[in-house]
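One structure is given below, encoded as structure tokens.
The values are calculated or read from the model by the stated rules, or taken from the named source; none is laboratory data. Everything numeric in this text was worked out from a predicted model, so none of it was measured. Backbone-built Cβ (ideal geometry, glycine too); neighbour counts: all protein chains shown. What goes into the accessible areas is simple: the full protein's heavy atoms, side chains included, and nothing from ligands, DNA or RNA. Shrake-Rupley method; radii C 1.70, N 1.55, O 1.52, S 1.80 Å.
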Amino acid sequence: MGFKDFLKGYRGNLRVILESAGAKIWSFIRVIRDDQIFEGVLLPRSDLDDDQHINLKLKNGYNIGVKYSPNMRIEVLDYKPVSYRLPEKKLFFKPDKPNITLIGTGGTVASRLDYNTGAVIPAFTPSELFSAVPEIEDICNLTPKPVMSVLSENMKPEDWVKIAKEVDKEITNGSVKGIIIAHGTDTMTYTASALSFMLRNPPLPIVFVGSQRSSDRPSSDAAFNLINACIFAAESNVGEVVICMHGSSSDNYALIHRATRVRKMHSSRRDAFKSIGSIPLAKLEAGRIKILLKNYTIAGAKKYDPQISLDTKVALLYFYPGMDASVIDYFIDKKYHGIVLIGTGLGHVSELLLPSIKRAVDSKIPVLMTTQTLWGYTGLNVYETGRKLLAAGVIPCSNILPEVAYTKLMWVLTQTDDLKQIRSLINTNMVGEILDREEYNGFMILQGVENGVENILKNI
Amino acid sequence: MVKKLFDYRQLGFKAGLEIHQELNLNNKLFCKCPNILQRGEPDFIIKRFFRPVMGEMGEFDKAMLTEYEKNKTVVYEGFYQSTCTYELDETPPTQINEEAVETGLTLTLLLKGTPVDELHVCRKNYLDGSVTCGFQRTVIIGLNGAVPIENKIVPITSISIEEDAARKISEENGVIRYRLDRLGIPLIELVTAPVLEHPEEIYEAAYRIGLLLRATGKAKRGIGTIRQDINLSIEGGARVELKGVQKLEWINRLVEAEIQRQLSLIDIKNTLLERKGSPETLVFNPVNLSKIFEKTKCKLVSNSLKQGKQVLGIRLPYFKGLLGRKIQLEKSFGFEIADKVNAITGLKGIIHSDEQLSKYGFEEHEIGEVKLTLGLNSEDAFALVIGELEKANKAVKIIVERCRLAYTGVPLETRRVLEDGSSRFEREIHGGARLYPDTDTPPLKISVDQINSIQRSLPPYPWETEKIYSEKYSLPIKVVRELILEDKIDLFIEIVDRLSIDPVLVSKTLIETMKALQRENPKFKEISDDKIFEIFKTLKTGRIAKEAVEDVMRILGSDENITLDVALEKLGLREITVEELDEIIRVCVEDNLKLIKEKRERAFTPLMGEVMKKVRGRIDGRIVSEHLKRELNRIGGE
């Protein structure tokens, strides 16, 4: 991995003495400072770190930072640029196995490690992928297609449209049995739910997959999740957009979640993805698929209806006590086309926001209401504030999750700009985003807790 | 002291030490879990698998691959109290434990080493499952230290802090169980240069480093809290890492047994070369011999065949007689191969032609047929493995590879030491290549102020303390050292200083009496420091005599649940109640009415003597005196 800057991350005086010694990143150098001597490979330094230390990889493999000193001397002993040979593995097309396309968006499904530098190199050619996760060969013919390289948090709605178009292209080509999208987990549910609206009734499974432990570590969940995503894409008859991730902290089963009912509920656990208010769509254990939600759409049963565009001028606002009404005014003034509010409890915001909300509705900007509690429905008829919000023209979103209401409104706005029709479309269950009834255990089920909620509570 | 078996100089013997010491800090290294080990049933169980990560050339680290090939399921036992989502590899690390860093710096300065200016946490890959994330977080704190021993200065190449691994509980049928309480406990690791040329030097260096670790005041005590690994080699042999030396007194016999092993392996290599063999003659070509044994009388084989297992055979050209050769204590080369097969595949072992095959119940014609089928020549040996086809194939592969390695003499290996002095294969030696930076932790700068402040409060050198104690308590250095090694020095000081009891008596009791009792009863349990202190306190109050100390200890050591009171009662030294005392006094007074009338107040002293004879050590003398006076007054009043 070469760097454009041969002294990446080094600035100021330190850079001057490294330069004058002829040192480059990966040079084996000797640093002499007073009576101390350090020898090791010069490593790149993060631009965010200070300009006072040299990163060295010692012979024993450990890294240290050596502090700059004006009387420091540097000698270059050797230079071995790091070069990477890719593992080659012959691929055989197996006519009896289903074809699956893996669309890459930037996350690393598989990667290799460079012990000399500690760099992580993504594996994305088919041969690289198969040498990292050889199990895939026995499941399907997998063709990776890198579409973009964007960190999940930098993803924009325009990227969702781009991904949807790639998926649509694969579907129309007609030669694949399923599609997998490798995606960073942070905003995976946004992309997945946006695709649910843009690609309704897909004739094959569209499976998002990611990892919570990067693939450069032996305990990574990436291979496990990818293998299960392959099985689901290759073997299930589900015609929906879903997310496939670890079901528990153990490496025992994966869960398939409907893209419009799932949320990342933990910042780092493997089993961070939970279906909210509902149970997951399916469970995968030891290579077997067990469908849990009987009301899924069967691939090909309904007509595939791609409508791939989004109105990106939509805002998603989290209400907090003390929120200034001018926040809403800002979006009206900026000519936004829609606002999704995440209110408290049954769907409330402070009365002080009412005039601005009314102003938005009067300017033909739909204002949607979802709830911060995530579980449960909005209920604007119950209290005075709710009734006032309804009177102001707020559209309650039933129990659509806030992020899903956001992607849905973006899509709905490409269909109509009439407030009445928008209201009606928002309240129509299109791709499983609304649960028409909430079962008792919809709240209780925390998937991934092996012994059940009761056992956990007992032991706390 | 030990019979000189080898001329170490002539052998070209070289050894280095790697010492791991658990630190006694409140929290773990990278999370806020308490630093405790737990007993009883775990609160929850997690199951995981590990995958090797490719190295820079797109290849897998050999040692890691060996682990992966073991294809093991790892089960973790967790406790709510001592395990959080960090140990489960579900949450990134928090800031490194500052006290641990400080301890590392203290040690670096004690060793006159160079503290690292900016700490970079690294990951060291482990695929055996002992660390949930597959790597241990470790950071170098200091470089280029040194520890003086009798006739040389031993360089300490690095001082680092790292996380302890999980505790292995069991391993059966391809499932390894680990307990997570120990995972993440801060450890200090010291590595010496390979300059030690005699087991006594290893001992001395390990002892001195151990003393320094204790001097920081942060070292954990007790069995298993300090672990020594010895890297050693001899001329013509190879570097072998002996892991898990828990007691310094093992060093001698471990080193001797390993040298015996290396010399024997070199002999085997020479024999093979004399026979004009070469590694290329060993071909991975397992032959399925199950048919030959269809009607065998060997129960082991017939039962296995019934379960669908197979018997595979392999010809081992030029190995006749070599498999049966003893290479370490009573263990043969064949045993060493079987042990490696067991460590990797979990199969019980192998059967080979240098064994007495009739003891398995094989008949001559069966063996004849095996030899014929395998095409054995006069200098050849064969090995059989029994197991499911896949496992058996893997076992044959291991046998072939190990026999090929016999041509190089001693393979580079990490071996786990056993108490008898021998060792067993654990894994290939890890390359230094398995370290890479931890992306979850930022670099940590060490300021000059911090170094100066630690420098100002450095503890004195323990070998100097050794001298000081020896003078202060008038004990030979040897005795002080033994107290230190047995981890009894603090207790010793407490007893002697606080109770002012003769240091010789205390040191003898703590060392000699303890050892005698342990010899007498192999199941003798460790007696806690608190209990021992109480025994001496009882001695001080006069409740027991010097001679009774050993008896009390014998009882306490027989069962850890016995309290001191119970032990004393068993010896008839039960404490008596005030009521019982009053009764004894009453009887005594009644018997001596005449004396009391004669001597009046002066009768107190002889009576006190008489009562004390009956109650000595069972109740405080002051109470006796008080109650006796009261009784005498009462009588006087009448």
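Numbers for the structure displayed
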{"read-out": "Set of lysines with alpha-carbon distance to A:K303 below 28 Å, sequence-local pairs under 8 removed", "value": "A:K97, A:K145, A:K162, A:K165, A:K169, A:K177, A:K283, A:K290, A:K294, A:K408, A:K420"}
{"read-out": "Shielding score for A:273-285, defined as the mean number of other chain Cβ atoms within 10 Å", "value": "0"}
{"read-out": "Accessible area (Å², per residue) of segment A:12-79, counting only protein heavy atoms and a probe of 1.4 Å", "value": "45"}
{"read-out": "Chains B and A together, accessible area buried on both sides, 1.4 angstrom probe, square angstrom", "value": "4400"}
{"read-out": "Nearest-0.05 FRET efficiency for A:F92 and B:D497, computed from C-beta distance (R0 60 Å)", "value": "0.15"}
{"read-out": "Accessible-area composition of segment A:99-306, carbon plus sulfur, in percent [1.4 Å probe]", "value": "51"}
{"read-out": "Average partner coverage of B:516-529, which counts Cβ from other chains inside 10 Å", "value": "0"}
{"read-out": "Buried on assembly, segment B:78-125 (at least 50 Å² less accessible surface than by itself, 1.4 Å probe)", "value": "B:Y80, B:D89, B:E90, B:T114, B:D117, B:E118, B:H120"}
{"read-out": "Label zone at A:T414 (point 7 Å along Cα-to-Cβ), backbone N below 19 Å, segment A:312-330", "value": "A:312-316"}
{"read-out": "Burial order of peptide ranges A:254-261, B:228-235 (average beta-carbon count within 10 Å, highest first)", "value": "A:254-261, B:228-235"}
{"read-out": "C-alpha center-to-center spacing [segment A:353-404, segment B:576-617] in angstrom", "value": "94"}
{"read-out": "Extended-chain gain in nm, criterion 0.36 nm per residue less alpha-carbon gap, B:K247 and B:K546", "value": "104.5 nm"}
{"read-out": "Within the accessible area of segment B:273-428 (1.4 Å probe), percent carbon and sulfur", "value": "50"}
{"read-out": "Folded to 0 to 90 degrees: helix B:529-540 orientation relative to chain B principal axis, Cα", "value": "30"}
{"read-out": "Trypsin sites (Lys or Arg not before Pro) restricted to segment A:343-419 and DSSP loop, no more than 14 other C-beta within 10 Å", "value": "A:K364"}
{"read-out": "Extension gain from B:E610 to B:R634, taking 0.36 nm per residue of separation minus the Cα-Cα distance", "value": "6.8 nm"}
{"read-out": "Gap separating the Cα centres of segment B:152-214 and segment A:136-175, nearest whole Å", "value": "49"}
{"read-out": "Per-residue mean of C-beta atoms belonging to partner chains within 10 Å, peptide A:249-256", "value": "4"}
{"read-out": "Estimated inter-spin distance, B:V504 and A:V16, nm [label 7 Å along Cα→Cβ]", "value": "7.3"}
{"read-out": "GluC sites (Glu not before Pro) within segment B:417-518, DSSP loop, no more than 10 other Cβ atoms inside 10 Å", "value": "B:E419"}
{"read-out": "Under-18-angstrom lysine pairs by C-alpha in segment A:1-78, whenever the two are 8 or more apart or on separate chains", "value": "8"}
{"read-out": "For peptides A:299-306, A:411-418, sequence by mean Cβ density within 10 Å, most packed first", "value": "A:411-418, A:299-306"}
{"read-out": "Members of B:K269/B:K331; B:K72/B:K295; B:K247/B:K525; B:K309/B:K359 lying beyond 28 Å, as alpha-carbon distances in this model show", "value": "B:K72/B:K295"}
{"read-out": "Cβ-derived FRET efficiency at R0 60 Å, B:K594 paired with B:Q81, nearest 0.05", "value": "0.30"}
{"read-out": "Distance between segment B:433-486 and segment A:36-61 - C-alpha centres, whole angstrom", "value": "28"}
{"read-out": "Degrees, to the nearest 10: B:604-615 long Cα axis against longest axis of chain B", "value": "30"}
{"read-out": "Residues in segment B:185-199 that a label on A:S268 would reach, taking backbone N under 20 Å of a point 7 Å out along Cα→Cβ", "value": "B:185-187"}
{"read-out": "Loop chymotrypsin sites (Phe, Trp or Tyr not before Pro), segment A:191-240, which have at most 12 other Cβ atoms in a 10 Å radius of their Cβ (DSSP)", "value": "none"}
{"read-out": "R0 of 56 Å, Cβ-Cβ distance A:V382-B:K299: FRET efficiency to nearest 0.05", "value": "0.10"}
{"read-out": "Fraction of beta bridges assigned by DSSP in chain A that are antiparallel (%, nearest 5)", "value": "60"}
{"read-out": "Radius of gyration and Dmax over the Cα atoms of segment B:462-570, both given in Å", "value": "13.9, 44"}
